[in-house]
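Worksheet: one structure, shown below.
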Amino acid sequence: MPFFITFKGGKYRFIPVELCTLDGLDDQTRSDPRAIREILDGARKNPEQKCDSIQTLSKQLINNNVLKNWNIKIEAKPLEFKTSVLPNPRFVANS
């Protein structure tokens with residue numbers, strides 16, 4: 001999962017991209033297609049990259065005892081299970 005990383009109050013904070021909007025950009029940055037592309041490229045990852053990011057973050061949280069203070073336990077390795085792929089739906093329109 002991609003994160004925006006901020007440093008505030010002497011601590012790193014990881015904010016999921018899904019919770020962020022481009023609302024806080026100034027007009028100059030917002031009107032610069034290159035800047036917007038760079039921001040969006042940092043947020044887009046393929047499934048393998050997302051999984052790697054999640055594992056990295058999990059390991060960092062475990063190593064820093066961040067979750068221990070809240071009595072939360074997580075595994076660094078994601079759970080794997082078999083699934084099935086549903087067939088594509090068929091749409092029928094009456095005209």
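The values are calculated or read from the model by the stated rules, or taken from the named source; none is laboratory data. Here the structure is a predicted model, which is why all the values come from computation and not from measurement. Positions of Cβ are generated from backbone atoms using ideal geometry, with glycine treated the same way; all protein chains shown enter the neighbour counts.
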Could you grab me the full set of residues in segment 27-50 that are within 19 Å of A76 (Cβ to Cβ) and surrounded by 14 or more Cβ atoms within 10 Å (Cβ to Cβ)?
K45
Flagged in segment 31-48 as within 10 Å of the chain's Cα centre (by Cα) and not small (G, A, S), in numbering order, are R44, K45
Is segment 60-79 home to any residue that is modelled with pLDDT under 85, over 19 Å from the mean Cα position of the chain (by Cα) and of a type in the set (F, W, Y)?
yes
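Are there any helices (runs of 4 or more DSSP H) wholly within segment 21-95 with 2 or more residues that are hydrophobic (A, V, I, L, M, F, W, C) and closer than 19 Å to P2 by Cα, and if so which? Step through it out loud before you land on a result.
On the way: elements: 27-30, 33-43, 47-63.
Output list reads 33-43, 47-63.
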